[in-house]
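S.K.: Got a structure here, written out as structure tokens. Questions coming.
Just so you know, all these numbers are worked out from the coordinates, no wet-lab data involved. Bear in mind that the values here come from a model prediction, so they are computed numbers and not experimental data. Cβ: placed from backbone, ideal geometry, glycine included. Neighbour counts: every protein chain shown.
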Amino acid sequence: MLLYLPDNTFFARNRENLAGLLPPGSLAIVNSNDTFPRNGDQNYPFRQNSDLFYLTGIEQEHTRLLMFPDHPNAEFKSILFIRKPEPKLETWEGKKLDKETAKKISAIETIIYLEDFDAIMQEAMTLSKSVFLNSNEYPKYSNPVPYFDLRFSKMLQERFPQHQFQRLAPLLHQLRTIKSSEEIRIMKHAIDITDKALRRVLSTLKPGMKEYEVEAEITHEFMVNGARHHAYRPIIASGINACYLHYIENTGSCAKGDLLLMDFGAEYCNYAADISRTIPVNGKYSKRQKKIYNAVLNVHKNTIRLIQPGKTIDLLNKEVNQMMEQELMELGLFSAQEIKKQPKDKPLYTKYFMHGVSHFIGLDVHDVGSKFEKLKPGMVLTCEPGIYLKEENIGIRIENIILVTENGQEDISKDIPRETEEIESLMNR
């Protein structure tokens, strides 16, 4: 049972806030995610569309939300469409939501079975002035397979070519980037579970273990603490594997003398944690490993101090690149003279630090929000500098989760072990 689930006033308030952003006469439609085929007669585990969950709290597949704040009939201002819980379906798949349960979860009074969606949508379309449709607008996302929102949008625009269609995503992004107290509470709990998982690894890691055995320890701790899913595919990368940024095979061996980079996070009530730590497989950093680790840690701590209202992630990246250049030079990886001669379009630091230092986090691990928008109180983002030295089989990344506050920032993951001395102490008890 999820003890930190927000009550239905949270979802009602989110809908009210969205309604306040819609122009007069607007209709908005939000769909659940597809169920994706895995193999044979099996589907991948279902995970709800983040926007639909944010507005309704419903986690069941084949669900739709129709919002028409200006509809003349109050019952039709918000309608939730769900599958009809037929006995045959429930015999095979288990209990489905009934109308009363859906109403209790979502605080939506009008619950209608999905089979009646077309007729009601047809009426709503004739009364609306503009129609807001949703889609995944994460800038780095692309997929050759048209997911349900895209198929639905295409169908609706072909069926009603005279209507004015608008993008719903920018409005939802505006709301979702600022986290409420309920959301922050849930995210802190996901972080606490992630902390427990790291501490479990620190007490169980031994040379010779497989990366997937480490992953299993993390998964176990997630599950027994109520987080049934990882927020994303975990990266458990030992030795040279840590130099591949999105390594997810997790099949290598953890060799004595190597470092183990772990990038993982619990998902609790659909909200993500995202933490990176790099630890010595044998329980003690070498002198060189500790020097590189502390270089990353210096950048990490200084970057956290820079996070404050009015900054942008894009500006943070530029400031971090300058810090990282200095640290890499002090590690002997290049000289000041070489920096003066470096190509402007390919600075030397990019060989060892080639990714951004931050992203927003919330219902999605790479949450909605632009790296060019100014940070505001209530936004939550990561801080994750790293150094990757393929020649030395060393990849180090340190990642925490930061809440932007009125006066600066709060590291809401500060209790997770980060200093080399604390990590070594926990590993050698």
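S.K.: Roughly what would the spin-label model give for Asn43 and Ser335, points 7 Å off Cα along C-beta, in nm?
M.R.: Here the modelled spin labels are 6.3 nm apart.
S.K.: Could you give the angle, 0 to 90 degrees to the nearest 10, between helix 313-330's Cα long axis and the longest principal axis of the Cα atoms of the chain?
M.R.: Once rounded, one gets 10 degrees.
S.K.: Would you mind computing Rg(Cα) / (2.2 N^0.38 Å) for the chain, counting N as its residues?
M.R.: Ratio of Cα Rg to 2.2 N^0.38 Å: 1.09.
S.K.: How many percent of Cα pairs in segment 297-350 exceed 13 Å?
M.R.: Cα-Cα pairs of segment 297-350 separated by over 13 Å account for 61 percent.
S.K.: If the only charges are +1 at each Lys and Arg Cβ and -1 at each Asp and Glu Cβ, what is the size of the charge dipole of the chain around the Cα centre, to the nearest 20 debye?
M.R.: I would put it at about 900 debye.
S.K.: Taking 0.36 nm per residue of separation and subtracting the Cα-Cα distance, what length does fully extending Ile178 through Ser370 add?
M.R.: 67.9 nm
S.K.: Take the Cα radius of gyration of segment 239-278 and divide it by 2.2 N^0.38 Å, with N its residue count; two decimals is plenty.
M.R.: With N residues counted in segment 239-278, Rg over 2.2 N^0.38 Å equals 1.36.
S.K.: Okay, next question. To the nearest 0.05, how large is the calculated FRET efficiency for Thr126 and Leu150 if R₀ is 30 Å and r is the Cβ-Cβ distance?
M.R.: Using R0 = 30 Å, I get an efficiency of 0.80.
S.K.: Using Cα-Cα distances under 8 Å and only pairs 6 or more residues apart, what relative contact order does the chain have, in percent?
M.R.: 14 percent
S.K.: Also, I was wondering about something else. Find which of Ala266, Gln289, His355 sits farthest along the positive direction of the dipole of the chain, computed with +1 on the beta-carbon of Lys and Arg, -1 on that of Asp and Glu, about the Cα centre.
M.R.: Checked the options; the winner is Gln289.
S.K.: Assign unit charges at the C-beta atoms only (+1 for Lys and Arg, -1 for Asp and Glu), then state the dipole size of segment 8-176 relative to its Cα centre in Debye, rounded to the nearest 20.
M.R.: Here segment 8-176 has a charge dipole of around 380 debye.
S.K.: How large is the helix-only mean residue ellipticity at 222 nm for the chain, computed as the sum of -39500 (n - 2.57) over DSSP H runs with n ≥ 4, divided by its residue count, in deg cm²/dmol to the nearest 500?
M.R.: -11500 deg cm²/dmol
S.K.: Expressed as an acute angle from 0 to 90° and rounded to the nearest 10, what is the orientation of the C-alpha long axis of helix 148-159 relative to the principal long axis of the chain?
M.R.: 40 degrees
S.K.: Take the cross-link list Lys256/Lys290; Lys301/Lys376; Lys129/Lys374; Lys77/Lys129 and give me the ones stretching past 23 Å between alpha-carbons.
M.R.: Lys129/Lys374, as the Cα separations exceed 23 Å there.
S.K.: Dividing the convex hull volume of the alpha carbon atoms of segment 181-427 by its residue count, what do you get in Å³ per residue?
M.R.: 116 Å³
S.K.: Moving on to the next point. In whole angstrom, and with the biggest value first, how far do the Cα coordinates of segment 8-176 range along each principal axis?
M.R.: That gives 45, 38, 30 Å along the principal axes, largest extent first.
S.K.: Give, as a single signed number, the net charge of other residues whose beta carbon lies under 13 Å from the beta carbon of Ile58, with Lys and Arg counted +1 and Asp and Glu -1.
M.R.: +4
S.K.: Nearest 0.05, what FRET efficiency do Lys344 and Thr91 give at R0 = 51 Å with Cβ-Cβ as r?
M.R.: Working from the Cβ atoms, E equals 0.15.
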